[in-house]
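The numbers here are math on the coordinates, done by the rules we state, and not lab data. From a predicted model like this one, the values you see are computed outputs, not experimental measurements. Backbone-built Cβ (ideal geometry, glycine too); neighbour counts: all protein chains shown.
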Amino acid sequence: MAGDVETRGCVSGIRVAESRISRLEMLQRPLVVTAQVDLVLVLVSVLALWTRLSHLSYPNAVVFDEVYYGQFVSLYMKRVFFIDDSGPPLGHMILALGAYLGGFDGNFVWNRIGAEYPSSVSVWSLRLLPALCGALCVPLVYLLTLELRFSHLSALGAALLLLLENSLIVQSRFMLLESVLIFFVLLAFFSYLRFHNTPDSSWFRYSWLLLCGASCAAAVGVKYMGVFSYLLLLGVASLHTWNLIGDQTVSVCVQCVCRFVCLLVVPVLLYVFWFYIHLSLLNRSGPHDQLMSSAFQASLQGGLSRITQGQPLEVAYGSQVTLRSSASQPIPCWLHSHKANYPIRYENGRGSSHQQQVTCYPFKDVNNWWIVKDPGSQELVVGSPPRPVRHGDVIQLVHGMTSRFLNSHDVAAPMSPHAQEVSGYINFNVSMAAQNLWRVDISNREAESEVWKTILSEVRLVHVNTSAVLKLSGVSLPDWGFRQLEVVAEKLFKGHSSSLGWTVEEHRYGISQEQKEREAELHSPTHIDVDRKISFWAKFLELQWKMLTVKQEDSEHKYSSSPLEWITMETNIAYWLHSSTNAQIHLIGNPVSWGVANLSLLAYQLLAAVYLLRRRRGFKDLPDGVWCQFVRLGCVCVGGWVVNFVPFLLMEKTLFLYHYLPALCYLYLLSPALLEHAHTHLLSNVTHRRALCVCVAAMLSSVFLSYRTFCPLTYGSPELSANQLQGLRWRDTWDILYRRR
Amino acid sequence: MLSWTRAATYRAPASVANAIEKGRRFASHRVLLMLVVGLSFSTRLYKITEPPHVCWDETHFGKMGSYYINRTFFFDVHPPLGKMLIGLAGYITGYDGTFPFIKPGDKYEHHNYWGMRGFCAVLGSFLPIFAYLIVLELSQSHTAALITASLLIFDTGCISISQYILLDPILMFFIMAAVLSMVKFNQQRHRPFTAPWWLWLVLIGVNLAGALGVKFVGLFVIVLVGLNTVWDLWRLLGDLSLSLVDIAKHFLARVVGLILLPLFIYVTIFAIHFVVLNKSGPGDGFFSSAFQSRLIGNNLHNASMPEYLAYGSTITVKNLRIAGGYLHSHWHLYPEGVGARQQQVTAYLHKDYNNLWLVHRQDNNTSQSGTPDLVRHGDIIRLEHKETTRNLHSHLHEAPLTKKHFQVTGYGTNGTGDTNDLWQVEVCGGRKGDLVKVLRSKVRFLHRATGCVLYSSGKTLPKWGWEQVEVTCSPYLKETPSSQWNIEDHINPRLPNISLSVLKPHFLEILLESHIIMIRGNSGLKPKDNEMNSKPWHWPINYQGLRFSGVNETEYRVYLLGNPVIWWMNLATLGLYLIMVAVASVALQRGFSLGPKRMEHACVLMRGGGLLLLGWLLHYVPFYTMGRVLYYHHYFPAMLFNTMLTGITLDILLKSADLLLRPPYSDWLQRVGQMAFLFTVLYSFYLFHPLSYGMTGPLAHEPGSAMAGLKWMDSWEF
C-alpha cells in the first residue's frame, strides 16, 4: 500500500517511512525499493475487513432481500432468461459471480426469509463480494477525504464514522447491492479527484479518468440510483472543463475530447456491455419469456424457439397461423375463438349479434389457429409455389377448428360499447351480411410491398367495410366469455398503440383440404429446423425498454418508509429473526453518527449562507484557496446528499431505509472535514480549539459506544433477553421483535 | 405605452440631429405597433361568432359564467377569476345566463354569446402586442419584435384558442402582462423608487395574482418572476455603493409588491367569488356541512331539523375529511375477488337519495308511538340503507384498496342481518350518555364484532365502484377526520324541528377548504382508459391537435392545431439558439476578442434569450411530472415563450450574415432572409387558416377537400 508522500505535522507520529536513504548511498547501491506505507490506512482497512467479513456465514439462513436476489442468482446458474425491473444486470451478475466461485449450482428454492441454507450452498462465497465492497468503502473514504485536500486526521475521522456505522455493516454482510453501489460511487469520485489533482504533465493521470468512467458505468449498472451520483460527477467535471476552457495558456481540444470519451462514451459502452454479458449468459427460455416480443423469445433456447424453429418465414394464402397481440398488457395472449356465441342480451340490456365469440386467450390452445384465405378463391391450402401475402393485401381469416370467418360489423362490442364487436361469422344467418374482409397493414415495414413475415412483422388488420382496426381492448369478459380478454375493432385510429398490433407466432403451410384432416393437422405440433436471430442491439433496446416500463404491483410493505423519516431514522427494518431464539438482525443505523451527520449538514448550509452573503458584501473571511476547498467540499458532499435524497421525495414507489445509505455516506465525508474547517479557520483562540478537540474525542467515543450497543442487532449474536431488547428500542417507532417464551 | 413615451423623452439628447433621429424612430415604432395591434385584433375578431354553437370546453366555462350571473354555487378545479371575468363580460353584453351549455354542439340561437367570446378574443389579441413589446425591450431590435409578433399573429393555434369561451386566453394575457411588467421593471433598475419603477412593480404583482387566479399554471410565471427577483436582489447585494438600509428597502418593496399585494388580490378574488355565489347549486356536495349552510337554497341554509339524533330517523352521514363525501350504497355488488360478494358501500360526493340511512336499535323493535328515544354516546345501533334495505355491515375480509383495513358492505334484507351489522356510536370528546347533536357532533362508528372504526380512505375505486370513494373499517383507532363523521340531514317527523343558525365558518376556513378541494380535484383528473392521451413530448412537434367543433364531413369543423410551419420553425430555432449560445459563451470564455456588435448580440442572446428559455422550461417541463390528464392546449403558454425566443434568435442569426459575406452582400442576404421568412409565414397561414376559421366539406385525406394535401401528419384529424 503506497501512501501519500506529503507529511503533515499532526500525523507524522504514526506514519513510518520504511527506509530513508540518503542520496549518496542511493548512488552506490544498484537496486533500491523505497516504500511508504500509511499505517493508518492499513489499520482502518484491516478493521473494515474484520467488521464486515467476520462470521460471514452466520446466520446460515436467507436474510431479507436475499430471498429476492437469490432467485436471480439461481437463474444465472441455470442460464435461464429473466427480467427484473429493479435495476440493470451488473449487480445481479456480481452476486452471481460470487455464487459461481463458491460452486453454487442454482438448486435452492428462495421462497421465504429465514429458510435454512443446506450444506451444499456456500453461504460465505455468496456474501463475500458485497462484504468486500462494503469493507473497501472505508479506505476509499479515507483516500477521498485526502483528495478533497483535507488532513489525515479528517480522513481518519470519516473512515471511522463509516467503519462504525451499523446500518452499513448490516447492508454489506448479506447478498444485497447497496454496498456494491456505494463502493463504485466512492471509487468514481476518488479517481476523478485524483485525476483532477494530479499535475497536468503526466499522461498517466488519464488512467484515473478512465477508471472513473468505468466505475460510473458500474455504479449505474448496479442500480439505476447510481445515475444521480453520475450526473453530479458530470456536473463537477463539466465545471472543471469550463474553467479549463477559460485558461488561455493551454490548448484544450485534446483534453476536452479525452474527458468526453472517458466520462461519456466509455460509461455508455460499458453499460451496454453489461447487457451483452447478461444476454449471452442467459440463453434459455424461462418464466418471463411472455413479456418479450415473439422475435426475442425465438432467440432463446427452448420455449418458443422450439416451436418456431424451422417455420416458413413468409405468410402465404393458405397458411395456418396463431396471432399474438403485441400488447403485453394485461397479459400476453393470442387471438382465439371457440364454440360459444355472444349472449343475445347483455346484463345491461344491450343486444349483440349473437354470433360466435372472438376473444384473446392467454394460453396456447388449438383454438388459437387461424387460416389465411384469399377472398377470391375457396382454397384453404397453400398453392405451389406459395403465394405470399403482402402489405396492403385484402385477406379473410378462417378459424381453424370452427371454420368461422373473422368478422366485424356495426354492433357495439360487449364491454367497450364505443367500439365494434368482432365475431366469428358463418353464413347461417341471413339477416346480417358478411363483413369479413381485412386489409393487412404491416406497421414495421421497410418497403411498400413487403411480405408478411412470421414473428418479424407486426401487422394491423384493418376492417375493409368500416376501416376499423382489430384491437385488444384488455378488458376481461364476464362468465359467458370464460373471462377471456375482449377483442374489438375500433374506428378511431389514433396514433400508435401496441394493442393494435398482431404478430404471427406459430406458422405452417396448410396442406389438408378436408376439415377433418385439417383439425388433425392443427393438433399436430409444428416442425422443421432453421435458426432465426435478431441482433444484439434490438435485444438490448427491447430488454432495457421492458425493464423500465414493466411495472410490478406496488405492494405496501410492513417496513417501508417515507424519505422524510430517514433523516431522523424513524423506522428500522427487521432483516432476520432466529427461528427459535431472540437472536435477530435489524437495519438500524448508529444513532450518534446519524445525528452528527445531520448536524454537519445543517452547519455547512448555515456556514455557506453566511460566507456567501458576506463575500457578496465584500468581506473575504477566507483566503481564495480555502474558499475553493470549502466550495468543493460542498459540491461533492452536500451535492451528493441532495442528488441521492431529493429524487426520492418525488417517487411513488415503495421505499425503504436502505435507499438512504448512499446519501448518508456523503454526510460522513462531510462531518470531519467541516470540523477541521472550523478548527483551522473559525476558532482562533487556543482554548476554543482545545475544547473542540475534547468535543470531537467525546463524540468519537460515544459513536464507538453506540456501535457497541447495537452490535447484537447488527451481527445477530449474542442473543439478547427481552429486557435488553426493550432497552435498545431507543425510539418508540422502532419495531424490535420479541419471542414470548 | 404611456411610460414608453416618458422613457423616450427622458432620454432626449442634447443634439438636435439626434433628437430628430429619435423622433423618427419613435414615429416608426408607433406605426409598427399600430400595425401589430390592427392585425392582431382583426385576425382574432374575424368570424368571432362562428360557429354559432357550443365548442369544446365552452360547455364548462360558458356554463360557469352563467352560474356567476345566476349566483349559483358550483365547483371547479381552477380558481375563480377567469370564470368571473367571463361571467362579467357576458353580463355587460346582455347575456342573461339562461343558456344551459349542456354539451358541445348545442346551438346558441337567440342567446347573446358574442360578448363572452369577444372578451376572450380581445384578451387573446393582446398576446402578440405584449410579445412585441417584451422582445423589443429585451433585444432593442424592431426586427426581432416584428418576427415574434408575426409568428403569433399568424399562428392558427393562437387564433383558435383565443376565439372561444376558454380560460386559456385570459391566463395567457395575465402571464404575458406579468412578463412584460417584469421586463419593464428590470429596465427601470437604474431609477429605483421612482414612479414608473413602482408602477411596474405593482403591475407585476397585479398580473401575477391574475394569472394564479385563473389557473394554477400561473404558479410557473410566479416562479419565473421569483427567480428574476432573487437574481436582481443578489445583484443589488453585490453593489457595494448601496448601504444595507437601501438593500433592506429594496427587499421590503419587493415583498410588498410581489408577495403581499398579489396575495391580497388573490384572496379578494375568492372573497368576491364566495359573496357572489350565494345560492345552492351543483357544487354543494364537495364541501363540508358548515360550508353548505352558507348557501341559499341548500337544505342546511337556515335549516331547521331535530336537534338530537333519534332512533327511527332518516339521516345522511358525511365524512369529516375535506371532500370526504356522504356514506353511500347502491344496488351493485363488490366484484368477484374483492372481498365478499356483497353490496358496495362507498363515499359519494354528490347529494343523492342513495345517501339516506335509517337509524335502528340493535333489536328490531322499530314502530313505537310517541316521541322516539334519542341516541346516546355508547349506544349500539344498526344503520339500514333506506333504498336497498341492507344494513351497514363489516367483516374480516380485506378492503378493496386499503388492504390492511376491513371491507364494509351492505348486508341482509329488510333490515334483518346478523351481529356484524352492529355499530357503537361514539361522540368525540363525549362521555357515556351524551346526546348526538346533528351537524355539530363529530361521531365515530365502532364495529361491535371486530372493534374497527368506520373510515373513508379517500382512494377512488375503479370502474366497478363507479369511481366513488372507498369506505373501509379501520383497525387503527386513532382519531382522524377520516374516521369521524357528522350527521348532516336529519328527518324525523315525530320530533320538533329547531332552527340551526350554527356553523357559520370563518372566511379563511372556507378559503383553505376550497383550495384543498381544488387540488384534490386536479390530481383526481386521471386519464381514462379509452381516451387517447396527449403526452408532453407530442406538443412541441405539433403531433396532434384538439377537435373544437365538428367531426364528420357535413359539420362545421374547427381544429385547434398550431400552424405547423411556425411550430416547427420554433422547435428548430430552439436548437439553433442552444448552439449559438454555446458558441458565443465558449468564445467569451476562451477570451476571443469579439467586436462590439457581436458582444451586444451575445449579451442579448444570453440575458434576454436566457430569460425566455427559462420561461419556456418552467412552463413546459413540469408537465412531465404531472399524473393528471393532459391536453394539447396546456403547451400554449410555453409556446409563447418559445416564439419570443425565436424572434430574438432569428434576428441575431440574420444580423450575423456578415460572418459569411462582405458588407453590401451581407445586408442583402439579411433582407432576403427577412423577406423569405415573412413570405413563409404568410403563405403557411394562407394554407392553414381554415383550421381556425372553419372548414366544411370532405375531410383532408379525401380528394376535393379544401385541405387536401395538407394532412402532413397521420395523427392530425381534420
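Here the peptides B:632-644, A:571-583 are ranked by packing, the mean other Cβ count within 10 Å, and the order with the highest first is B:632-644, A:571-583.
Using alpha carbons only, how many angstrom separate the centre of region B:300-321 from the centre of region A:688-741? Distance between centres, Cα-based: 55 Å.
Comparing B:402, B:412, B:389 along the charge dipole axis of region B:378-462, the residue lying farthest to the positive side is B:402, per the Cβ-charge model. Here the calculated FRET efficiency for residue B:699 and residue B:352, from their Cβ-Cβ distance with R0 = 35 Å, stands at 0.25, rounded to the nearest 0.05. Against chain B, whose longest principal axis is taken from its Cα atoms, helix B:16-45 shows a tilt of about 40°. Taking every residue in B:583-596 and counting other chain Cβ atoms within 10 Å of its Cβ, the average works out to 2. In plain terms, the chain from residue B:34 to residue B:264 could stretch by 79.3 nm, reckoned as 0.36 nm per residue minus the Cα-Cα distance. In whole angstrom, how far apart do the alpha carbon centroids of region B:661-718 and region A:453-518 sit? About 40 Å separates the Cα centre of region B:661-718 from the one of region A:453-518.
Once the Cα-Cα distance is subtracted from the 0.36 nm per residue extended length, the residue B:199 to residue B:388 segment shows a gain of 61.6 nm.
Put simply, chain B fits an ellipsoid with semi-axes of 59, 29, 24 Å; these come from the alpha carbon gyration tensor as the roots of five times its eigenvalues, largest first. Here the Kirkwood formula, the inverse mean of 1/r across different C-alpha pairs, assigns chain A a hydrodynamic radius of 30.5 Å. On the basis of the beta-carbon distance and an R0 of 51 Å, residue B:219 and residue B:361 show a calculated FRET efficiency of 0.45.
Peptide B:709-715 has a mean shielding of 1, counted as Cβ atoms of other protein chains within 10 Å of each residue's Cβ. Here the Kirkwood formula, the inverse mean of 1/r across different C-alpha pairs, assigns the protein assembly as shown a hydrodynamic radius of 38.0 Å. Semi-axis lengths, largest first, of the ellipsoid equivalent to region B:304-499 are 25, 17, 16 Å, with √(5λ) applied to each eigenvalue of the Cα gyration tensor.
Using only Cα coordinates, the Kirkwood hydrodynamic radius of region B:587-654 works out to 13.8 Å. Label separation (residue B:272 vs residue A:613): 3.9 nm, computed from points 7 Å beyond Cα along the C-beta direction. Among the helices of chain A, those built from whole DSSP H runs whose Cα atoms reach 27 Å or more along their own axis and whose mean Kyte-Doolittle hydropathy is at least -0.5 are A:123-147, A:178-197, A:226-246, A:591-616, A:686-715. Of all beta bridges that DSSP places with both ends in the protein assembly as shown, some 95 percent have antiparallel geometry. Given a Förster distance of 56 angstrom, what is the FRET efficiency for residue A:642 paired with residue A:394, based on the Cβ-Cβ distance and rounded to 0.05? The computed FRET efficiency comes out at 0.40.
The distance between label points at residue B:96 and residue B:112 comes to 1.0 nm (points 7 Å beyond Cα on the Cα→Cβ vector). Taking the centroid of alpha carbons for each part, region A:105-154 and region B:149-214 are 58 Å apart. Dipole check for the protein assembly as shown: with +1 at the C-beta of Lys and Arg, -1 at the C-beta of Asp and Glu, and the Cα centre as origin, the magnitude is about 3300 Debye. Distance between the modelled labels on residue A:434 and residue A:568, one decimal in nanometres: 7.5 nm (7 Å Cα→Cβ projection). Candidate cross-link partners of residue B:184 among the lysines, defined by an alpha-carbon separation under 30 Å and a same-chain spacing of 8 or more, comprise B:22, B:83, B:215, B:249, B:597, B:655.
Only the Cβ atoms of Lys and Arg (+1) and of Asp and Glu (-1) were treated as charged; on that basis the dipole of chain B about its Cα centre amounts to roughly 1660 debye.
Name the lysines eligible as straight-distance cross-link partners of residue B:504: C-alpha to C-alpha under 24 Å, and not fewer than 8 places from it in the same chain. Partners within reach: B:279, B:318, B:351, B:437, B:442.
Using the Cβ of residue A:569 as centre and a radius below 13 Å, the other residues enclosed give a net charge of -3, where K and R count +1 and D and E count -1.
Fully extending the segment from residue B:191 to residue B:77 would add 36.9 nm, taking 0.36 nm per residue of separation and subtracting the current Cα-Cα distance. When the GluC sites (Glu not before Pro) in region B:425-475 are filtered for DSSP coil states and for at most 14 other beta-carbon atoms within 10 Å of their beta-carbon, the remaining sites are B:467. The mean number of partner chain beta-carbon atoms within 10 angstrom of a residue's beta-carbon across peptide A:472-479 is 1.
Sorted on the mean count of surrounding Cβ atoms within 10 Å across their residues, most packed first, peptides A:344-356, A:371-383 read A:371-383, A:344-356.
Taking the longest Cα principal axis of chain B as reference, the axis of helix B:168-187 is set at about 50 degrees.
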